[in-house]
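Below is one structure, written out as C-alpha cells; comments come after it.
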Amino acid sequence: EAQVTQNPRYLITVTGKKLTVTCSQNMNHEYMSWYRQDPGLGLRQIYYSMNVEVTDKGDVPEGYKVSRKEKRNFPLILESPSPNQTSLYFCASSLAGADYGYTFGSGTRLTVV
Amino acid sequence: AQKITQTQPGMFVQEKEAVTLDCTYDTSDPSYGLFWYKQPSSGEMIFLIYQGSYDQQNATEGRYSLNFQKARKSANLVISASQLGDSAMYFCAMREPYHTGNQFYFGTGTSLTVIP
C-alpha cells in the first residue's frame, strides 16, 4: 500500500531531551516536507526536501533539523525541544509538479513539558 | 500577501443540504494546481479533489466539486448532500511548480459542522 509512515503517533517528552520523529514513504517521491499544525494557524512548513541531500527551510525552521540521506526517509529532529514546540506534526510527500498533491503521514502529536 | 485565503473560519450546514467553502489564491505562475484536503477530528489529512490551472472543466469527485473561477482566482469547494461525516476541517492548497520550486501553500482552514 502506498503510504507515508510517520512515528510515533503520540509523544510526551521533557524540555531539552533530544527526539526524532521518523518519516518514510514507499512511493519513490522526490519531494518531502514537514509541517506543524497549531489551532488558528493552519499548516506551517518547517523544512522541505526536493531530493536526496537537498533540504531547505520552510516558514518556521527554528529549533528543528532534518536530513535526507535516502530518498524514502526524512526524519525531523528536535535537538532541544521546548514547550512552544508542542504541536501536531505532519510529514508529507509527493512527486514534483503542479499536478501532484501530497500524501500525508498520520501525524505526530507532540507534547513538551 | 497571502497565497491562499480561506475567509470562513467556521461554517454550519443542515444535513442533506449543499455547502460552499470559499478559497481564493494568489499566483503569477501560469501553471499551478489547486487542492482540497479534509481533516476529521481524528487528525489525518485526506485528499479530496484537485484542479489544474489549465483544466477547462470544474473538477468533480463524487459529492465534491470544485468551482474554479480562474479570472477571479477562486477555487471554492462545493459539498452536495452533506452528511454528518462531513463535519471536519477543510484546507485549500495551491502548488506552484516554477516560481517557487514546487512549493505548496495552505489556507488556515474552514471548520464545517453538519447539523442533523
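The values are calculated or read from the model by the stated rules, or taken from the named source; none is laboratory data. On a predicted model such as this, the values are computed, not experimentally measured, just so you know. Glycine gets a Cβ as well: all are built from the backbone with ideal geometry, and neighbour counts include every protein chain shown. What goes into the accessible areas is simple: the full protein's heavy atoms, side chains included, and nothing from ligands, DNA or RNA. Shrake-Rupley method; radii C 1.70, N 1.55, O 1.52, S 1.80 Å.
Of note:
- Using C-alpha pairs under 8 Å with a sequence gap of at least 6, the mean separation divided by the residue count of chain B gives a relative contact order of 37 percent.
- Spatial offset of the range A:77-111 relative to the range B:38-116 amounts to 19 Å, using the alpha carbon center of each.
- Residues of type lysines that B:Lys73 reaches as a straight line, Cα spacing below 24 Å, ignoring anything fewer than 8 places off in the same chain: B:Lys3, B:Lys38
- For the range A:25-113: accessible area per residue (Å², 1.4 Å): 42
- GNM flexibility winner over chain B from B:Gly33, B:Gly52, B:Gly62 (Cα, springs under 10 Å): B:Gly62
- Peptides A:57-63, A:81-87 ordered by average Cβ neighbours within 10 Å, highest first: A:81-87, A:57-63
- Carbon + sulfur, % of accessible area of chain A - ligands and nucleic acids excluded, 1.4 Å: 50
- The charge dipole of chain B, taken about its Cα centre with unit charges on the Cβ atoms of Lys, Arg (+1), Asp and Glu (-1) only, comes to about 140 debye.
- Buried area at the A-B interface (accessible, heavy atoms, 1.4 Å probe, summed, Å²): 1600
- Whichever lysines have a C-alpha closer than 24 Å to that of A:Lys17, once near sequence neighbours (fewer than 8 apart) are set aside: A:Lys57, A:Lys65, A:Lys69
- The packing ranking, built from the mean of other Cβ atoms within 10 Å per residue, places the peptides A:107-113, A:12-18, B:11-17 in the order A:107-113, B:11-17, A:12-18, highest first.
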